[in-house]
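Report on one structure; see the data block that follows.
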Amino acid sequence: MALLWDNLAQQLDSVRSTQLATAVPTPVMGQVTDDPSDRRLRLQKALEAVKDSGNAMMIESLTAAIEGREANLNLPELPDGVAKF
């Protein structure tokens, strides 16, 4: 068990030492960080990436977000037994 804790401590030290070098600059107060055109571009890239996956729900969700509407996912009904929990 002590070996696991030593390994964890080494990993945490490694993360702490690299965290300063790879820190992401934070936005300046009042600066707009979510430009709508950037968001749309990210959504379009994500849609292109998942089109061949066959994940219909993800494709519908991304398409709806790009079009600015709520996704129509047509989720199946839950069985009665699930409601008891």
Rank these by accessible area, largest first, 1.4 Å probe: 67, 60, 77. 77, 67, 60
Along the stretch 37-50, Karplus-curve 3J(HN,Hα) (6.51, -1.76, 1.60; θ = phi - 60°) to the nearest Hz, with x for Gly and Pro, reads 5, 5, 4, 4, 5, 5, 5, 5, 5, 5, 5, 4, 5, 9
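The values are calculated or read from the model by the stated rules, or taken from the named source; none is laboratory data. Bear in mind the structure is a predicted one, so any value in this text is a computation, not a measurement. Just the protein is used for accessible areas: all its heavy atoms, side chains included, with ligands, DNA and RNA removed. Shrake-Rupley method; radii C 1.70, N 1.55, O 1.52, S 1.80 Å.
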